[in-house]
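Below is one structure, written out as structure tokens; comments come after it.
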């Protein structure tokens, strides 16, 4: 199929093409660094204003009574957490891949295949944002990847298998077709030989796919070779070559049309008549697709849905016919956009499985954990082995705590005997503050889990460091309190929530190791495909870890930090251990029923999409 892009626009944009199940090629223009940066700034301003509103509500909550203040503070802290971590994920997953900033700039996130973004992919790309914003929130890492990566992907896009494309609904205006007379004008004989034109055409049509350094090297060489007969040529090599290609193509088309006795003019006239006959139906479908995108397929009756699907197939066929007729590239752009909009409306729900909450929590997430159990086991060893080393080190060399432990922790250990004699437990808080403490614990621990997953993109090195450091610190703390004969005192505090909390951290660590494995040892998959497949399983592990951490945080905030009897805390610890066992058993059973559900094999790529990707 000939390339229908306007040659004069090739230097300003990059495009990818995908083939739909109807065997129609859809082209997407990739969003560049400038528009993505502007959208991010817009979103950050919106998020900042929202967080200021939450802070104002915090100050109002401080004037309430003691009990209300505790519960209000807990609720506001949770709202802040959801806004901070969920803003991008929820908007992209629920609003068609568009945050307010992306909508403002006319861009959207879609899957690599052009399919609407799934919730899993939205979560993965935005958790990895934790690495993209480095160093120190500057977004340097993410911007460098967008600038140098061939499909303008940041790290989050690589893991999630997503791209950011231009998508301005207001740009969907049907352009007037090229006048038929244009092909009949005598543009003069071609200036290049057939071999020279073929060489130029190969360079122009591959321009989008060439690396920047290759373009910089070849464009001047080719311009010098072909430009000797053009003394007043454009000094910019790429601009000159694109203009030359456009001119030569026009001359050769005119020559072919003249040789065929006006056949080109007749074809152009046929294209004009085709557009004139169809444009009213196209515009009606565009408006209907826009409405369906906003309101969903549920807004259509059964008859309307059948009609919409039939119209979509007809418009897709029109796009193929329009390319055959060689109509104006702007008309093809218009048609491609409305076919894409119709496809997103029809296939969007197929790309997102909306599972019942009970099935997700009790079958899907446990199955993912059991599928990745070896990675979870490795993560636990990376925690416990350094933990044992830290414990032994502090027990054998007590003085080292002043070098490796914060002063506040040392002071707690030194005052622990007094606290125990007074009948108070470790980190015991007054009852009115327990809700806020529970909320703070949950949000902090879930963020640690997010970090353990996101740092997997560093080939797993960051995840390993998180596990090793936390294990070493945990063991050192136990050793510190054991030196003051308070090991039982602090373990009584840890007992209630520790089983669930540590299990969740190991699961999150396993998620990071999964992503790291995809980079280091992708197996039979291409590295980018391995990242997507492993990332899809890893994000479910993060979901499982978050659920366990919420439960652990509630126990820690309301039970561990309370003055409840030690026996009750130990009973809860045993119950938590049983719960973890049942959780894994449920995962094993669910995986046995559907062993291919979480496959990490090459077939997972083929089954994950109903598109075929082509180079544009």
### Message
Of all residues being in contact (Cβ under 8 Å) with a residue 40 or more places away in the chain and under 12 Å from residue 443 (Cα atoms) in the stretch 81-102, which is nearest to the chain's Cα centre (by Cα)? Just the residue, please.
### Response
85
### Message
Looking at the stretch 344-365, can you tell me whether even one residue there is in a helix (DSSP H, G or I), modelled with pLDDT of 80 or more and more than 27 Å from the chain's Cα centre (by Cα)?
### Response
no
### Query
Could you list, in sequence order, the residues of the stretch 578-614 that are touching a strand residue (DSSP E or B) at 6+ places or on another chain (Cβ under 6 Å) and either at pLDDT 95 or above or in a loop (DSSP other than H, G, I, E, B) (or both)?
611
### Query
Which one is surrounded by the most Cβ atoms within 10 Å (Cβ to Cβ) among residues in the stretch 394-415 that are in contact (Cβ under 8 Å) with a residue 60 or more places away in the chain and closer than 14 Å to residue 485 by Cα?
394
### Task
Return a yes/no flag: does the stretch 202-211 have any residue that is within 21 Å of residue 29 (Cα to Cα), in a helix (DSSP H, G or I), modelled with pLDDT of 75 or more and touching a strand residue (DSSP E or B) at 6+ places or on another chain (Cβ under 9 Å).
no
### Query
Applying the selection to the stretch 556-573, what residues are more than 15 Å from residue 502 (Cβ to Cβ) and either surrounded by 20 or more Cβ atoms within 10 Å (Cβ to Cβ) or outside the structural domain of residue 505 (by TED's automatic domain parsing) (or both)?
557, 561, 569
### Message
Going by what's in this entry, would residue 112 be described as over 21 Å from residue 16 (Cα atoms), assigned by TED's automatic domain parsing to the domain that holds residue 98 and buried (at least 20 other Cβ atoms within 10 Å of the Cβ)?
### Response
no
### the stretch 457-476 residues that are more than 17 Å from residue 125 (Cα to Cα), paired with ones that are modelled with pLDDT under 95 and not in a helix (DSSP H, G or I) (beta carbon under 9 Å, 6 or more apart)
473/405; 476/405
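Residue-by-condition table, conditions (1) buried (at least 16 other Cβ atoms within 10 Å of the Cβ); (2) under 30 Å from residue 155 (Cβ atoms):
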{"site": "525", "(1), (2)": "yes, yes"}
{"site": "537", "(1), (2)": "yes, yes"}
{"site": "544", "(1), (2)": "yes, yes"}
{"site": "549", "(1), (2)": "yes, yes"}
{"site": "554", "(1), (2)": "yes, no"}
{"site": "575", "(1), (2)": "no, no"}
## Note on the structure
Going through the stretch 122-144 in order, the residues found to be in contact with a helix residue (DSSP H, G or I) (Cβ under 6 Å, 6 or more places away or on another chain) and without any contact (Cβ under 8 Å) to a residue 60 or more places away in the chain are 122, 125, 126, 132, 134, 141, 142
### Query
Of these, 518, 552, 575, 546, which one is within 20 Å of the chain's Cα centre (by Cα), under 25 Å from residue 74 (Cβ atoms) and in a helix (DSSP H, G or I)?
546
### Query
If we only count helices (runs of 4 or more DSSP H) wholly inside the stretch 65-156, which ones have 3 or more residues that are within 22 Å of residue 360 (Cα to Cα)?
66-94, 119-127
### Task
Need at least 2 residues that are more than 18 Å from residue 554 (Cα to Cα) and at pLDDT 90 or above per element, so show me which helices (runs of 4 or more DSSP H) inside the stretch 404-507 make the cut, counting only ones lying wholly within it.
434-454, 461-483
### Query
Does the stretch 367-384 contain any residue that is modelled with pLDDT of 90 or more, outside any helix (DSSP H, G or I) and touching a helix residue (DSSP H, G or I) at 6+ places or on another chain (Cβ under 7 Å)?
yes
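The values are calculated or read from the model by the stated rules, or taken from the named source; none is laboratory data. What you see is a predicted model; the values in this text were computed from it and never measured. All Cβ positions, even for glycine, are placed from backbone atoms using ideal geometry, and neighbour counts span all protein chains on display.
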